[in-house]
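What follows is one structure encoded as structure tokens, with my remarks underneath.
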Amino acid sequence: MAPSAVEVINAKRDGGRLTDEQIDWVLAGYTAGDVADEQMAALAMAILLNGMDAAEVARWTQAMIDSGEVLSLPDVGRPLVDKHSTGGVGDKITLPLAPLVAACGAAVPQLSGRGLGHTGGTLDKLESIPGWRAALSLDEIAAQLADVGAVICATTPTLAPADRKLYALRDVTGTVESIPLIASSIMSKKIAEGTGGLVLDVKVGSGAFMKTLPHARELAATMVEIGTAHGLATTALLTDMSVPLGRAVGNALEVAESVEVLRGGGPADVVELTVALAREMLALAGLTDVDPVEVLASGAAYPVWERMIAAQGGDPAAPLPMARHVVPVVAQTDGVLAQCDAMAVGIAAWRLGAGRARKEDTVQAAAGVRLLVDVGEQVSAGQPLLELHTDTPQALPGARAALAAGLVVADPGSGPAVRPPLLLDAVRP
Ligand code: URA
């Protein structure tokens, strides 16, 4: 006899483990509309509170993959390798990374989503480029991979549809922050995408899902284990997200900063992380004799970027949108910038219009925050610390309020203020 939704919910609510049959049944039923949203919400909350063991997570992931199709990308003449970040503030790394890794000889099939809440989405960033289009057919993806070596496009609705539905439900039921649910959500999509290798960038800190290193390690280990069990070579870097990445937060602002990096310049932290992730990806692709530092510094990744953008209808030479209102936030006292909290900056950018509160909202291409001072730098009273960019000036007070506790100028005598190291740890099979 088939299980009932209430039985499955009760089993997890009471701290038990779900059987393979229960997992397959509940996810197939939810995808088909036979298990109701309120039942899945109750189950997701029971999972958040009581967890799942490794075998349950593996089965849950497989059932999510089985809810849709698995892409089989044709041989494009280069090894396929992808990267996924768990999401952070100013995290534009995919933009320079995909062309860089392609310039080094691999092919990057990056099927991405849009941002929700305080973290930006890769597609939202690229859509600030005039003409660029996110939706590609499977044939277009394969042709671009063979020709350019890098594709960043929208995920197809047929990949892990159970996750698409469940993620939207988790988002509004306080059940996003469950390690088994995050790990299975990310890995089901990446396994279904058909990449040959995967590097995970698991963010740690105030601007990330995982606020502490032990939680981030657990998430990374769970995902590496799932990937390995599915024959997908997977490694993870754990990286700091207590401070925004780079100096630009917001869609067009982040594209501009990515272009600086691709031209051999840009902020040191963005370069450091791009190169670290490229090394991991190239190792999985078996391309260890090329040095991504040299390739990036030479500017050789920039023409790949131009071709990648042009192949999707974008004009890489077109001016990016600029906000109608650019307003500084100034230091109130002399001192040292002791804190620039990632979450505070992410919420400020979101309130300025860079992000969306509901998935049907539109984003402002030009909105966001530009940081002018690094943590640890000396500042004087009245000196601009950052700029707020928006087309909707009524958003400015909300953005300022979000920054109030997150931007701290301290007395220089109160001890050294240093940014935490960017690369915190790695998890490999
Ligand atoms: N990103 C995903 O794709 N899924 C999650 O559950 C969290 C982040």
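Just so it is clear, none of the values below were taken in a lab; they were calculated from the coordinates. What you are looking at is a predicted structure, and each value in this text was computed from that prediction instead of being measured. With ideal geometry, Cβ positions are generated from the backbone for all residues, glycine too; neighbour counts draw on all protein chains shown.
At-a-glance table
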quantity	calculated
Lys/Arg +1, Asp/Glu -1 at C-beta; the chain dipole; positive extreme among Gly250, Met223, Ala381	Ala381
The stretch 28-43 - phi-based ³J(HN,Hα) in whole Hz, Karplus 6.51/-1.76/1.60, Gly and Pro as x	5, x, 5, 4, 7, x, 8, 9, 6, 3, 5, 6, 5, 5, 5, 5
Karplus-derived HN-Hα couplings along the stretch 70-83 (A = 6.51, B = -1.76, C = 1.60, θ = phi - 60°), whole Hz, x at Gly and Pro	9, 5, 10, 6, x, 4, 9, x, 9, x, 8, 8, 10, 9
Rg [Å, one decimal], Dmax [Å, integer] - the stretch 82-317, C-alpha atoms	16.4, 48
Within the chain: Cβ-based charge dipole about Cα centre, in debye rounded to nearest 20 (Lys, Arg +1; Asp, Glu -1)	600
Mean-position separation - Cα centroids, the stretch 224-289 and the stretch 124-180, in angstrom	18
12 Å cut-off, amide nitrogen to a point 7 angstrom out along Thr333 Cα→Cβ, residues in the stretch 386-429	408-414
Amide hydrogen neighbours beyond the local backbone of Ser112, cut-off 5 Å, H modeled	Cys153, Ala154, Thr155
Distance histogram for the stretch 8-69 (every C-alpha pair counted, 5 angstrom bins, percent rounded to whole numbers)	4, 20, 30, 30, 14, 3, 0
Computed lengthening from Leu169 to Asn50, 0.36 nm per intervening residue step minus Cα-Cα distance	41.0 nm
Intensity falloff of the stretch 279-429 expressed as log10 I(q)/I(0), Debye formula with alpha-carbon point scatterers, at q = 0.11, 0.13 Å⁻¹	-0.67, -0.88
³J(HN,Hα), Karplus 6.51/-1.76/1.60, whole Hz, each residue of the stretch 299-312, x for Gly, Pro	x, 5, 7, 5, x, 5, 4, 4, 6, 5, 6, 5, 4, 10
Summed residue charge, Cβ within 12 Å of Gly299's Cβ, Lys/Arg positive, Asp/Glu negative	-2
Among Pro421, Leu352, Ala405 - extreme Cα towards positive end, dipole of the stretch 324-421, charges at beta-carbon	Leu352
q = 0.24 Å⁻¹: log10 I(q)/I(0) that the Debye formula gives for the stretch 158-208, counting C-alpha atoms only	-1.03
Viscosity 1.002 mPa s, 20 °C: Kirkwood-radius Stokes-Einstein D of the chain over Cα pairs, µm²/s	97
Check: the stretch 325-414 dipole with +1 on Lys, Arg Cβ and -1 on Asp, Glu Cβ, in debye	380
Set of lysines with alpha-carbon distance to Lys92 below 28 Å, sequence-local pairs under 8 removed	Lys83, Lys125, Lys165, Lys189, Lys190, Lys203, Lys211, Lys359
Between helix 54-66 and the chain: long-axis angle, C-alpha atoms, 0 to 90°, nearest 10	90
Range of Cα positions in the stretch 19-172 per principal axis (Å), largest first	45, 35, 27
Amide proton proximity set for Ala160, modelled H, under 5 Å, gap of 5+	Gly68, Glu69
